[in-house]
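Here's the structure, in C-alpha cells; my notes come after.
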Amino acid sequence: MNLGISTASLYPLETELALEEIGRAGIKNTEIFFNCESELKDSFIDILLETKEKYGMNITAVHPTMSLAESFMIFSAYERRFYESLKIFSRYSEIAKALGAKYIILHGGKPNGVLNDEEYCRRYMALKNETRQNGITVLQENVVHYRSGDVEFLRSMREILGDEAEFCFDIKQCIRCGYLPFELIDEFYDNIKHFHISDHSTAGDCLLPLNGKFDFKGFFEYLNKKGYKGSLMTEVYHFSYENYSDIFHAYNKLCTLCEK
C-alpha cells in the first residue's frame, strides 16, 4: 500500500505550491488536483515535474478541474460537447503520462441525467479508450449528489462493464451517501483501484485520518489480507485542520499504524 496526500487537501493553495508543501514535508506519494485550465499548459506541467524530481515524489493520479461540469460536458444529450470532452481527457492523459500517474478520477453525471445506464457506460468506456492510448485509466469515483453516489448505480456499472468498471473509493463521500464504508469496500473490492481516505465522527464527515471513529487498523488489515498494492490518498478540505502541519502529522501517524 502507498499512503499519500492529495494536493486537494491544501486547497485553495495553488496547485504547484501545494505540491511543493507536500514534497517539503517528505511525503513521497501524491495526487494532483488541477484547479484551472491554465494549469494544463506544458510550461505549468514542467513546474510540477521539477518539484516531483526535486523531492523524488510519485504521482499516482490526476483529478480534472472540469469535475463539476462533467455531467453537462460528458453525460448530457448534446453529443458535440461529449466529443469535445474526449479531447480534454486525451490532454489529461498526456499530462498523467508525463507525471508518471496511472489514473484520472471522474465524478461523472448527476442523478437527473437524461442518459440510461447503458449509454452512461458507453461514454465512460469512450473516455477509457481515449486515455488508455497513453496508458492511463479513468476511475469512476463515488460522489454524493452524483449518480455514482448510489450503490445501485455502481452495481449497474459493474454488471454492464464487468472488470472495465474501475473505481476510486472515497470514504467521506461514502458516509455522505449514507453507506457503511467497509460494506461497500468489501462488495466492490475487485473493482477498486484507488482510495481517497479521511475520517469521520459526530464532529463531522471529513476529518483528518485518526481524528474520528473509522477503524483504520482494521482497514489496513483487510487491505493487507487482500494483497492491495495501490494508493490511499488523504483527501480532506481546508476546514478539516488549522495548519498544514496537522495534515502531515496525521499522515505520519497513519504510516506508523500501517506498518504495525
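What follows draws every value from the coordinates through simple rules; no lab data is involved. Fair warning: this is a prediction, and the values are worked out from it, not measured in the lab. Cβ: placed from backbone, ideal geometry, glycine included. Neighbour counts: every protein chain shown.
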Check your understanding: Can you tell which of 91, 80, 147 shows the greatest fluctuation in a Gaussian network model of the chain with Cα springs below 10 Å?
Key -> 80
Practice item. Taking only Cα atoms and a 10 Å spring cutoff, compute GNM fluctuations for the chain and point out the largest among 167, 72, 44. Key: 44
Practice item. Past 31 Å, Cα to Cα, is the threshold; run 54/253; 52/253; 52/229; 128/229 against it and keep the listed order. Key: none
Check your understanding: All other residues with a Cβ under 15 Å from the Cβ of residue 243 taken together, and with Lys, Arg as +1 and Asp, Glu as -1, what is their net charge?
Key -> -2
Review point. For segment 156-260, which GluC sites (Glu not before Pro) are both in a DSSP coil and crowded by at most 12 other Cβ atoms within 10 Å?
Key: 242
Check your understanding: For 216, 169, what's the fewest-to-most ordering of other Cβ within 10 Å of each Cβ?
Key -> 216, 169
Practice item. Calculate, in nm to one decimal, what residue 84 and residue 24 gain on full extension: separation in residues at 0.36 nm each, minus their alpha carbon distance. Key: 17.9 nm
Check your understanding: According to a simple spin-label model (label point 7 Å from Cα along Cα-to-Cβ), what is the distance in nm between residue 222 and residue 150?
Key -> 2.4
Study note, to complete from the structure: Checking 96, 126, 203 against a Gaussian network model of the chain (alpha-carbon springs below 10 Å), the top fluctuating residue turns out to be 203
Point to revise | From the coordinates shown, semi-axes √(5λ) of the Cα gyration tensor in Å corresponds to which of [x] 30, 21, 16; [y] 27, 23, 16; [z] 33, 21, 17 | key: [y]
Check your understanding: If each of residue 187 and residue 134 carries a label point 7 Å out from its Cα toward its Cβ, how far apart are those two points in nm?
Key -> 3.4
Exercise for review: Excluding residue 74 itself, calculate the net charge of residues whose Cβ lies under 9 Å from the Cβ of residue 74, where each Lys or Arg counts +1 and each Asp or Glu counts -1.
Suggested key: +1
Check your understanding: Among the aspartates and glutamates, which fall within straight-line cross-link reach of residue 172, defined as a Cα-Cα distance under 12 Å, with same-chain neighbours fewer than 8 residues apart omitted?
Key -> 141, 199, 205, 235
